[in-house]
Amino acid sequence: MQAVIMAGGFGTRLRPITCSVPKPMAPMANKPMLCHIINLLKQYNFTDLTMLLYYQPEIITDYFGDGRDFGVKVKYLRPESDLGTAGSVKYAQSNINDTFIVISGDVLTDFDLSKAVQYHKQKKAAATMVLTRVNNPLQFGVVITDKDGKVERFLEKPSWGEVFSDTINTGIYILEPEVFNYIPPDRSFDFSKDLYPLLLKENKGLYGYIAEGYWKDIGNHDEYRIAHYDILDGKVKIELDGKPLNVGGKEIIAGKNVVIGDKVEVDGQVILGDNVVVENNARLSRSVIGSNVRIAAGADVLGSILWDNVSIGTEARLKEDVIGESTKIGDRTAVQVGTIIADGCRIGSDAIIRTNLRIWPHKIVESGAILSSSLVWGEKWNKALFNAYGITGLGNIEITPEFAAKIGSAYGAFAGTGAYILTSRDDHRATRMIKRGIISGLLSAGVKVGDLRSSPIPVVRYELGNEGEAGAIHVRQSPYDPRLVDIKFFNAEGGDISINQEKAIEQLFFREDFKRANMNDVGEITVPPRAVEYYKSGYLNTIKKGKIKNSKQKIVIDYAYSSASMIFPAILGELDIDVVALNAFVNSSKITKSQEEFANSLGQLSDIVTTLKSDAGFLIDTGAEKLFLVDEKGKIVPDDLAMLIVAYLVMKTYGDKNAAIAVPVNASSVIDELAAKFGVKVKRTATSPRNVMSAANDKDVLFVGDNLGGFIFPEFQKAFDAMYAIGKVIEMMSEENLSLSRISREIPSFEVLHKAVPCSWDKKGQAMRKAIEEAKDKKSELIDGVKIYFHNGWVLLVPDPDEALFHIWAEAKDKSTAAGFLEMYTDKIRQWQE
């Protein structure tokens with residue numbers, strides 16, 4: 001039978017150990033990963049193989065030759081450009097004449113491929129995706145099939161809110177040659193993004209086979225080590241070289257010509273390659289040792305993977321490390337947990353290599369040195385780089401100047417030499433420091449920097465596109481936790497960058513080999529002179545000034561010590577609004593508010609509105625993106641009701657049958673009742689800020705609200721803007737001659753309750769699969785998580801993207817019914833984790 005092996009991977013996330021070899025050739029239990037794949041294929045009679053190569057192809061061709069030494073026949077192809085996964089397989093079409101399998105050369109698996117082929121033929125499928133179940137499906141394509149195995153839905157690398165199953169695409173496909181008819185030649189075309197959606201659309205027999213057995217994508221250093229531990233524990237059935245050898249009453253696997261000294265201690269399974277020497281009193285535990293390795297007397301090698309030709313000095317200590325080929329570790333040197341040392345390095349005696357470092361090839365660490373930062377570049381980042389708010393970490397602990405410079409270099413490499421990037425910050429001293437580090441990295445990549453210094457976020461977003469900017473970075477102290485710093489990235493249109501752009505920057509960040517500009521091409525720093533002018537002019541040209549001026553409204557604004565206080569008063573002055581301003585100066589110590597401080601600020605605003613008999617009160621957050629309302633009677637308006645009030649004003653003032661508003665999927669169903677009254681469409685979005693904001697790009701959308709104080713009026717800019725929202729609310733109140741309390745009385749009563757339920761990371765996918773099964777016979781939506789409708793309300797289940805939690809929202813006409821929904825699904829989520 002025929003097989004196509006995808007073997008072109010760079011191994012970016014495994015660097016630095018893959019700097020010198022393509023990822024499929026990285027050793028796994030002393031054989032290249034690709035060798036295990038070939039053995040698996042041969043075991044199930046796939047012996048006519050085509051390998052698709054790209055990165056360092058000669059290393060693969062030299063090792064495997066024509067395949068006869070491995071019991072197979074191998075042909076090699078190297079596409080000249082990136083054709084995508086399906087496009088690359090199309091490139092091999094001339095070698096294929098029957099049912100064939102596509103498999104990656106850099107996974108570890110023992111699936112019974114014959115059962116997958118049998119299933120494929122039984123279903124008479126055009127294409128069968130081989131599936132498996134995993135604890136954390138975020139990094140893979142999630143798939144759901146019907147009871148007959150036909151694929152109903154799939155999503156490549158989802159967010160937690162989009163995870164609808166723990167059943168994932170393994171990248172192993174059984175295909176008929178007819179699928180080539182759906183793949184265009186000589187252009188980029190992917191299986192998951194292009195081919196499979198096309199087959200689904202045309203109902204061409206796309207099936208999913210859930211395989212039993214072991215499968216692991218070797219995607220990073222931790223997975224690389226864990227895969228070795230799984231081999232040692234017998235969790236995966238692969239062919240190992242060597243024979244059993246008894247050492248001190250413990251049986252290990254050893255290659256040829258192994259020499260074991262006296263009193264060598266073995267704890268747990270160990271694999272030794274050929275010509276290994278282990279000297280007296282050494283200790284080995286749960287490790288894989290390559291060929292021609294020397295472990296000197298008294299050394300400890302615990303939970304580590306050593307490639308060929310490594311030398312470990314006397315009384316050296318290694319724990320859970322990976323050591324590349326031909327590296328030498330000196331006497332009494334300690335390499336602490338989780339460190340990766342690439343090939344050809346020289347680590348002197350009595351050195352200490354701290355935890356989680358990466359040392360790139362051919363580096364030298366002097367004797368007695370204490371290394372606490374990586375060579376080259378930086379530290380291990382212990383979580384996904386991006387979250388819902390950009391990049392977030394502890395100020396000057398996780399997000400340091402060095403880290404900031406590296407982020408700037410990665411973003412600069414992404415934007416490209418000669419690009420123009422804006423930078424800005426809030427007024428905290430730490431964010432100034434971090435922003436300057438980012439600027440250094442950008443300049444080193446040859447990027448021109450326009451520094452807006454301290455600026456409200458809406459002004460930064462509005463400036464984008466006016467001077468040919470490619471994007472922007474804003475650094476702020478987190479509004480939720482004073483210890484944290486957020487680094488936010490904006491695209492050329494002023495919106496948040498996409499998930500794909502985040503992943504591209506993240507890949508450059510972890511690759512750590514940024515392209516640097518020549519010395520004469522280093523970027524320059526400018527100060528954009530007209531950003532505030534652009535914003536003010538655009539604001540006043542868009543808002544209906546006449547309506548506002550004639551209204552003679554009196555309002556109270558709490559600026560919350562933000563930089564908006566340096567810009568917005570001049571705009572309000574042009575509108576002849578009678579304003580009482582609170583906290584209208586910058587104070588870097590007041591950027592973050594605790595929940596109690598926030599409540600006190602709203603309470604103070606309420607008192608002043610009542611005392612002064614004002615028409616409304618507004619509290620702006622420190623970034624000038626979010627807005628909180630107090631009505632003329634001093635009532636603090638809850639965020640979800642505020643969104644409904646502003647939406648009501650928009651629909652009453654500007655709504656027609658061609659118009660739409662957009663709200664998140666957890667917003668009250670009352671919005672649908674109001675929209676029906678005014679003949680306006682409602683578009684639902686996922687709950688993340690990026691997804692809410694992206695709805696503003698739809699041409700028919702008049703207004704977007706996020707249920708959390710964020711309001712977008714696309715007529716001005718397609719992003720949250722508290723300053724414009726204030727003007728717009730006053731304009732519409734004047735147009736309709738309505739007060740906030742009067743509108744509030746027009747809103748039907750509702751109860752939306754929320755609860756966060758603990759759910760471990762490794763159970764989230766399982767819980768989402770159970771939630772999908774729960775929703776199958778009910779009216780439901782899968783916009784974000786799983787939303788299930790009942791005759792008297794609904795429940796929404798969404799896994800948190802950053803914490804080990806599930807969010808539950810429930811709505812009903814009365815509080816007791818909504819609370820009943822919450823409790824019922826709290827219990828279910830707990831059961832689904834069992």
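Surface analysis of the chain yields an accessible area of 41 Å² per residue, using protein heavy atoms and a 1.4 Å probe. On the principal axes of its alpha carbon atoms, the range 102-153 extends 29, 24, 15 Å, with the longest extent given first.
Plugging the Kirkwood radius over Cα pairs into Stokes-Einstein for the range 110-198, at a temperature of 25 °C and a viscosity of 0.890 mPa s, what D comes out in µm²/s?
Values: Rh = 14.0 Å.
Rounded to a whole number, D works out at 176 µm²/s.
Taking 0.36 nm per residue of separation and subtracting the Cα-Cα distance, full extension of the segment from N220 to D112 would add 36.3 nm. Could you state the number of Å between the C-alpha centres of the range 181-228 and the range 401-459? Each part's Cα centre sits 37 Å from the other's.
A viscosity of 1.306 mPa s and a temperature of 10 °C, combined with the Kirkwood radius over C-alpha pairs in the Stokes-Einstein formula, give the range 1-132 a diffusion coefficient of 104 µm²/s. Pairwise Cα distances in the range 649-729 exceed 17 Å in 39 percent of cases. Over the range 165-258, with a single point scatterer placed on each C-alpha, what log10 of the ratio I(q)/I(0) does the Debye formula yield at q = 0.11, 0.23 1/Å? Here the Debye-derived log intensity ratios amount to -0.58, -1.25.
Using mean Cβ contacts within 10 Å as the protection proxy, how do 597-604, 517-524 order, highest first? Intermediate values should be presented prior to the final figure.
On the way: 597-604: 14.6, 517-524: 11.8.
Descending packing order for the listed peptides: 597-604, 517-524.
If you look for lysine pairs in the range 1-126 that are eight or more places apart or on different chains, how many of them have Cα atoms under 22 Å apart? For the range 1-126, qualifying lysine pairs total 17. Spatially close Lys pairs in the range 176-322, defined by Cα atoms under 24 Å apart and a spacing of eight or more places or different chains, total 16.
With each label modelled as a point 7 angstrom along the Cα→C-beta vector, the S498-W761 pair spans 2.7 nm. Taking 0.36 nm per residue of sequence separation and removing the Cα-Cα distance, the E574/Q139 pair yields an extension gain of 151.5 nm. Taking Cβ atoms as reference points and 15 Å as the exclusive limit, the residues near V21 contribute a net charge of -2, counting Lys and Arg as +1 and Asp and Glu as -1.
Across the range 470-566, how large is the tail of the calculated P(r) beyond 19 Å, expressed as a percent of all Cα pairs? Tail of P(r) above 19 Å: 70 percent of Cα pairs. Please give the net charge around I183, taking every other residue with its beta carbon less than 11 angstrom from that of I183, where Lys and Arg add +1 and Asp and Glu add -1. Charge balance near I183 sits at -2. Expressed to the nearest 5 percent, the antiparallel share of DSSP beta bridges inside the chain is 45 percent. With K and R counted +1 and D and E -1, the other residues having a Cβ less than 12 Å from that of Y420 yield a net charge of -4.
Residues whose amide H lies under 5 Å from that of D496, counting only those 5 or more places away or on a different chain, are N491; hydrogens are built 1.01 Å from N in the peptide plane.
Within a straight-line Cα-Cα reach of under 20 Å, K593 can be paired with the following aspartates and glutamates, leaving aside sequence neighbours fewer than 8 residues apart in one chain: D426, D427, D481, D486, D558, D607, D621, E625, D639, D721.
Kirkwood radius, the range 220-351, all distinct C-alpha pairs, inverse of mean reciprocal distance: 14.3 Å. If you find the alpha carbon centre of the range 762-834 and of the range 539-606, how far apart are they in angstrom? Cα centres, the range 762-834 to the range 539-606: 39 Å. Once Rg and the Kirkwood radius are both taken over the C-alpha atoms of the chain, their ratio Rg/Rh works out to 1.01.
Exceedance of the 22 Å cut-off in Cα-Cα distance is limited, within the set K681/K776; K657/K677; K590/K613, to K681/K776; K590/K613.
Suppose only helical runs count, i.e. DSSP H with n ≥ 4. What mean residue ellipticity at 222 nm does that imply for the chain under -39500 (n - 2.57) per run, divided by all residues and rounded to the nearest 500 deg cm²/dmol? Display every interim value, and only then the final one.
Working: 21 runs with 237 residues, N = 834.
-8500 deg cm²/dmol, from helical runs alone.
Amide hydrogen proximity for E751: with H placed 1.01 Å from N in the peptide plane, the residues at 5 or more positions away or on another chain lying under 5 Å are A812. In the range 408-486, inverting the average of 1/r over every pair of distinct C-alpha atoms gives 12.6 Å as the Kirkwood radius. An ellipsoid equivalent to the range 711-834, defined through the eigenvalues of its Cα gyration tensor, has semi-axes of 35, 19, 12 Å when rounded to whole angstrom and sorted largest first. To the nearest ten degrees, helix 722-736 and the longest principal axis of the Cα atoms of the chain are 40 degrees apart.
Return the equivalent ellipsoid semi-axes of the range 558-704 as a descending list in whole Å, where each equals the square root of 5 times an eigenvalue of the C-alpha gyration tensor. Provide the component values of the computation, followed by the final result.
On the way: eigenvalues 172, 62, 51 Å².
The answer is 29, 18, 16 Å, longest axis first.
Rounded to two decimals, the Cα radius of gyration of the range 692-755 over 2.2 N^0.38 Å is 1.26. Relative to the globular-protein estimate of 2.2 N^0.38 Å, the Cα radius of gyration of the range 307-372 stands at 0.92. Using the Karplus relation 6.51 cos²θ - 1.76 cosθ + 1.60 with θ = phi - 60°, the per-residue 3J(HN,Hα) values for the range 265-274 come to 9, 10, 9, x, 5, 9, 10, 10, x, 6 Hz, with x marking Gly and Pro. Taking the longest Cα principal axis of the chain as reference, the axis of helix 401-415 is set at about 90 degrees.
The values are calculated or read from the model by the stated rules, or taken from the named source; none is laboratory data. The structure displayed is predicted, hence computed values, not measured ones. Because the Cβ atoms are built from the backbone with ideal geometry, glycine has one as well, and the counts that use them run over all protein chains shown. Please note that ligands, DNA and RNA were not included when accessible areas were found on the heavy atoms of the full protein model with its side chains. Shrake-Rupley method; radii C 1.70, N 1.55, O 1.52, S 1.80 Å.
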